[in-house]
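Pasting a structure here, questions to come.
The values are calculated or read from the model by the stated rules, or taken from the named source; none is laboratory data. On a predicted model such as this, the values are computed, not experimentally measured, just so you know. Note that each Cβ is placed from the backbone with ideal geometry, even for glycine, and that neighbours are counted across all protein chains shown.
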Amino acid sequence: MSNREKTIWANMLLDIIIALYFFPQVFAMKDGIGVNVDEMVGIIGTVIVMAIVGSSIIYWLLDVGKDEAEDERDHAINAKAHKLGYWSVVVTISFLIGHVVLNETTLELFSYQYEEMNPGQIATYMLFSLVISAFIKDGAKLFFYRRGY
């Protein structure tokens, strides 16, 4: 396994650990992000520390500064992976927009709202879609590197 693949694996693992810490705590807030500002500041501070420490450990263990030079195969793999990441953002944001529109439509037509959506919740869902996109992009890179193109 090349140093580039090890770095992608390590970054994906760090992203998963941070997401497993962040999203359950944010979604568990009863009154939303706006009411729990102090708790949210603590969560974000912890996430920042986790990201800095984790990235430093990855850099130190894998000696990321000595990456191999990229050739046209690497550029093609990056382009394919970024394309898949882009389309995953498009799809997840489209689902989020549909969710918000359907929620508001059912409220107006049937006086029923299956989920009260506030701006903080929408922002959290958008952040979740970006995390999914990054995971898909990195997973695609690993797939294409293992596959050989």
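Of these, 142, 127, which one is under 18 Å from residue 11 (Cβ atoms), surrounded by 13 or more Cβ atoms within 10 Å (Cβ to Cβ), aliphatic (A, V, I, L, M) and free of Cβ contacts under 8 Å to residues at least 12 places away in the same chain?
None of the others qualify; the one that does is 127.
Here is a further query. Regarding residue 91, is this residue modelled with pLDDT of 90 or more, in the same structural domain as residue 21 (by TED's automatic domain parsing) and either exposed (fewer than 12 other Cβ atoms within 10 Å of the Cβ) or in a helix (DSSP H, G or I) (or both)?
no
Which one of 85, 65, 42 is over 14 Å from residue 137 (Cα atoms), under 22 Å from the mean Cα position of the chain (by Cα) and either modelled with pLDDT under 90 or not assigned by TED's automatic domain parsing to the domain that holds residue 16 (or both)?
42
Turning to a different aspect of this structure: Look at region 21-60 and say how many of its residues are aromatic (Phe, Trp, Tyr) and more than 16 Å from residue 127 (Cα to Cα).
Within region 21-60, residues that are aromatic (Phe, Trp, Tyr) and more than 16 Å from residue 127 (Cα to Cα) number 2.
Which members of region 75-107 meet the condition of being among the charged types (D, E, K, R) and free of Cβ contacts under 8 Å to residues at least 60 places away in the same chain?
Once the filter is applied, which keeps residues that are among the charged types (D, E, K, R) and free of Cβ contacts under 8 Å to residues at least 60 places away in the same chain, region 75-107 yields 83, 104.
State all residues of region 1-27 that are part of a helix (DSSP H, G or I), touching a residue at least 40 places away in the same chain (Cβ under 8 Å) and of a type in the set (Ser, Thr, Tyr); if no residue qualifies, say none.
7
Would it be correct to say that residue 108 is among the charged types (D, E, K, R), under 28 Å from residue 40 (Cα atoms), out of contact with any strand residue (DSSP E or B) (no Cβ under 7 Å at 6 or more places or on another chain) and not assigned by TED's automatic domain parsing to the domain that holds residue 9?
So residue 108 fails the test.
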